[in-house]
Amino acid sequence: MLLLNITLLDSQDQETLQFNTTAEILRLSMTAALRGRFRVESLATVAQDPWTEIDRVARSHRCATVLLGMKSLADDGVRQRLENLANRLPGNVMILRAPAGWRPRSVTKALVPIGGKVVHNALRARLLNGLQRRVEGRLTIQYLLVMPPETKERERARAERLWSQLVTDETRVPSEVQVALSDDVPGAIIDASREADLLVLGLNQSQAHRRVFGSTVTRVACEAQTALIVIGQRG
């Protein structure tokens, strides 16, 4: 694991503050790595543009997956830059947005919306199985399938049985499939996320084969208060 911290110097007046901040971030990161017993390397760089620098470092170190920590995903410009970076990177990308004080070890329930064409996601499977090994208590996964409100009970029950069989191939973590009937898919996800400690979403694949947020993920990322991870799997 490579920990990257980028220092941006807007002016010489900020130089001392920037380097002090970098040193503190590296100290906290290394302390957390030691507590978690992770094997890590730490790299601090100075650059004009952080997005270009992330791309450069990821390529030079041949990183299979890049994890980005963000305070917020509500800004259109930030999401656009994240999409551009995700499509430049040769590997996978994961975007974490979590409230202050959130700890992965404290997660007891993760919410994973499902549907669409992608049934199994190898990167998501590694995330969930790895999380199970790190949490302090019992972890459960709730898969959420949102269907139109006019869906008949027979169709709802059939979809629930089908997805219950499919998700067992993705993770060994105890899980259940819940079907919500609603014509507001992002709203249903946001409502369900209030009872979860972590929300796991995925970047969409556009017709031009670009990794993009999409309307549902964008709204959920902007409105949900739960810690969330957005996954962009390459290939």
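Restricting to the range 158-209, name every residue that is within 28 Å of LEU82 (Cα to Cα) and part of a strand (DSSP E or B).
LEU198, LEU199, VAL200, LEU201, GLY202, ASN204, GLN205
Select, from THR168, THR108, the only residue that is under 18 Å from LEU199 (Cα atoms) and of a type in the set (Ser, Thr, Tyr). Let's see the steps before the verdict.
Numbers: THR168 fails: under 18 Å from LEU199 (Cα atoms).
One residue alone meets the criteria, THR108.
If THR45 satisfies every condition in (1) under 19 Å from GLY91 (Cα atoms); (2) in contact with a strand residue (DSSP E or B) (Cβ under 9 Å, 6 or more places away or on another chain); (3) polar (S, T, N, Q) but one, which is the exception?
Result: THR45 passes all but (1).
Each row is one residue, and each column tells you yes or no for (1) closer than 16 Å to VAL177 by Cα; (2) of a type in the set (S, T, N, Q); (3) modelled with pLDDT of 95 or more; (4) not assigned by TED's automatic domain parsing to the domain that holds ALA196.
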residue	(1), (2), (3), (4)
VAL112	yes, no, yes, no
HIS120	yes, no, no, no
ALA125	yes, no, no, no
LYS152	no, no, yes, no
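Looking at the range 52-70, which of its residues are assigned to a strand (DSSP E or B) and farther than 9 Å from GLY91 by Cα?
Passing the criteria: LEU67, LEU68, GLY69, MET70.
Only one of these is farther than 21 Å from VAL173 by Cβ, under 16 Å from the mean Cα position of the chain (by Cα) and either crowded, with 18+ Cβ neighbours inside 10 Å or not hydroxyl-bearing (Ser, Thr, Tyr) (or both): LEU131, LEU82. Name it.
LEU82
Of the conditions (1) in a strand (DSSP E or B); (2) crowded, with 20+ Cβ neighbours inside 10 Å, LEU96 fails just one. Which one is it?
Of everything listed in (1) in a strand (DSSP E or B); (2) crowded, with 20+ Cβ neighbours inside 10 Å, LEU96 misses just condition (2).
Taking the conditions exactly as written (surrounded by 17 or more Cβ atoms within 10 Å (Cβ to Cβ) and out of contact with any strand residue (DSSP E or B) (no Cβ under 7 Å at 6 or more places or on another chain)), does VAL146 satisfy them or not?
Answer is no for this residue.
Pairs please, first residue from the range 193-207 and touching a residue at least 24 places away in the same chain (Cβ under 8 Å), second anywhere and polar (S, T, N, Q), Cβ atoms under 6 Å, 6+ apart in sequence or on different chains.
Note: pairs meeting the criteria are SER193/THR226; ALA196/THR226; ASP197/THR108; LEU199/SER193; LEU199/THR226.
If only one of THR65, THR52 is hydroxyl-bearing (Ser, Thr, Tyr), surrounded by 14 or more Cβ atoms within 10 Å (Cβ to Cβ) and within 25 Å of ALA208 (Cα to Cα), which one is it?
Only one candidate qualifies: THR65.
Report, by residue number, each residue of the range 136-152 that is under 21 Å from the mean Cα position of the chain (by Cα) and in a strand (DSSP E or B).
THR140, ILE141, GLN142, TYR143, LEU144, LEU145, VAL146 - these are the residues of the range 136-152 that are under 21 Å from the mean Cα position of the chain (by Cα) and in a strand (DSSP E or B).
Do we find a residue being farther than 24 Å from LEU73 by Cβ, surrounded by 20 or more Cβ atoms within 10 Å (Cβ to Cβ) and of a type outside the set (Val, Ile, Thr) anywhere in the range 157-171?
So far as the range 157-171 goes, yes, one or more of its residues are farther than 24 Å from LEU73 by Cβ, surrounded by 20 or more Cβ atoms within 10 Å (Cβ to Cβ) and of a type outside the set (Val, Ile, Thr).
Cβ contacts < 8 Å: first residue over 23 Å from ASN87 (Cα atoms), restricted to the range 42-56; second residue of a type in the set (Gly, Ala, Ser) and in a helix (DSSP H, G or I), any location; separation 6+ or different chain. Result?
SER42/SER29
Given the criterion at pLDDT 95 or above, among the hydroxyl-bearing types (Ser, Thr, Tyr), at negative phi and surrounded by 15 or more Cβ atoms within 10 Å (Cβ to Cβ), identify the matching residue among SER175, SER193.
SER193
The values are calculated or read from the model by the stated rules, or taken from the named source; none is laboratory data. Here the structure is a predicted model, which is why all the values come from computation and not from measurement. Using ideal geometry, Cβ is built from the backbone for each residue, glycine included, and neighbour counts are taken over all protein chains shown.
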